[in-house]
1. Being under 21 Å from N234 (Cβ atoms) and without any contact (Cβ under 8 Å) to a residue 60 or more places away in the chain is the filter here; which residues of the range 195-213 pass it?
2. Being aliphatic (A, V, I, L, M) and under 22 Å from F28 (Cβ atoms) narrows it down to one of L108, L65, L82, so name that one.
3. Within the range 359-380, track down each residue that is among the hydrophobic types (A, V, I, L, M, F, W, C) and over 20 Å from T133 (Cα atoms).
4. Within the range 189-234, can you find the residues that are within 11 Å of the ligand (Cβ to nearest atom) and over 25 Å from D331 (Cβ atoms)?
5. Take F177 and decide whether it is at pLDDT below 95 and more than 16 Å from the ligand (Cβ to nearest atom).
6. Is at least one residue of the range 271-279 outside the structural domain of I169 (by TED's automatic domain parsing), crowded, with 17+ Cβ neighbours inside 10 Å and not basic (K, R)?
7. Considering (1) buried (at least 17 other Cβ atoms within 10 Å of the Cβ); (2) in contact with a strand residue (DSSP E or B) (Cβ under 8 Å, 6 or more places away or on another chain); (3) of a type in the set (A, V, I, L, M, F, W, C), say which one A102 fails and leave the rest.
8. Looking only at residues that are assigned to a helix (DSSP H, G or I) and out of contact with any helix residue (DSSP H, G or I) (no Cβ under 6 Å at 6 or more places or on another chain) in the range 106-130, which one is least open to solvent (accessible area, probe 1.4 Å)?
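The values are calculated or read from the model by the stated rules, or taken from the named source; none is laboratory data. What you are looking at is a predicted structure, and each value in this text was computed from that prediction instead of being measured. All Cβ positions, glycine included, derive from the backbone under ideal geometry; neighbour counts span all protein chains shown. For accessibility, only protein heavy atoms count, side chains too; no ligands or nucleic acids. Shrake-Rupley method; radii C 1.70, N 1.55, O 1.52, S 1.80 Å.
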Amino acid sequence: MKKILILGSSGSIGVNTLNVVRNFPDKFNVVGLTVNSRIDVLEQQIKEFNPEFVVVTDESKAKELRSNIGNLCEVLTGYDELLNAAELRDYDILLGSMVGFAGLAPTLEAIKRGKRIALANKETLVVAGELVTKLVLENSAEILPVDSEHSAIYQCLVGENLNEVEKLILTASGGPFLNKDKSFFENATVDEALNHPNWKMGNKISIDSATMMNKGLEVIEAHWLFGLPVDKINVVIHPQSIIHSMVQFVDGSIKAQLGLPDMKLPIQYALTFPERLQNNFKRTDLPAINNFTFFEPDFNKFECLQLAFDVIKTGGTAPCILNAANEVAVDKFINKRIKFSQISDLINRALDKIENHSDPDIETIFECDKVTRELVNSLN
Ligand code: MG
């Protein structure tokens, strides 16, 4: 029986993780759940999965939950309690599905304890990839990617030698604006940007898919996760989202992993690796899909994708600046304070204005995140 701590259980990955766990009651035991504020979802999860404790970051919501559920389970509150849970509680697998930079600190706690981290929070590797991968080695921790592309690559690499990889090919759906002109970005609405053609996801990642920053963050994530230089990482548009990514080897052979666009499969793989467990998820009907298409991404139109390739070459704190600026800019766009086209502008301005530090330690990364957020919040 594996004990699981789920950070961010009310989000789309958290809910899907519980959908997986529900199928294997004799394999997994949910020991803790954390949410920011969505106690309605959490209350149902407590009743079904009976965790030892939950953390609700928002204090007033924690209070409300306590009065709703009585002694059903321990209800803690605040970000520090969330860190304490990762640092001190008894668990085998941390499922990290918090949104954004906030996922970094608890993930580091789990790494220091040599745990398995099923990582959905790509920002952790984007902002602190070098430190994180070093700590993982030092502490014999394990990162199993939940991101569907990285899960695909991980699966393609089983039994292979990394030295024989010629390139990774990350597939991208192209998001809701794939067939729009760049001029459309001036007046693109929040609803249009949230309307992803293939995947149902949270708001932040949906906007990141519309700008293709999501694919950019995934390039950086792949760079750290698989230890390959960025010039060995390619992005190809594949609008059907059935091939989740590919690996090309030095002999020209390409391996791909396929499946329906459903996060339950990569989540289950991250929880059960190296085993594969039988499930009743919907199977891929290839004749019904009918055709696969591929083409090059337009780096001029999707500037955020280009910026992600650029910051990994710059190195140091540049990826941290990119990530923090993007988080603030996306939030501003969702709250209708800037246009869609300004997201990449704000990131560019932050990268211009904020000093880059090479070989950052963790304090430098936290400081860089803070300074970037302050700057981008003050821009419009
Ligand atoms: Mg992905």
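1. Matches in the range 195-213: S209 only.
2. L82
3. Restricting attention to the range 359-380, the residues satisfying the condition of being among the hydrophobic types (A, V, I, L, M, F, W, C) are 362, 365-366, 368, 371, 375-376, 379.
Across the range 359-380, the qualifying residues are V371, L375, V376, L379.
4. A222
5. No, not satisfied.
6. Scanning the range 271-279, I find at least one residue that is outside the structural domain of I169 (by TED's automatic domain parsing), crowded, with 17+ Cβ neighbours inside 10 Å and not basic (K, R), so the answer is yes.
7. Here A102 clears every test but (2).
8. L108
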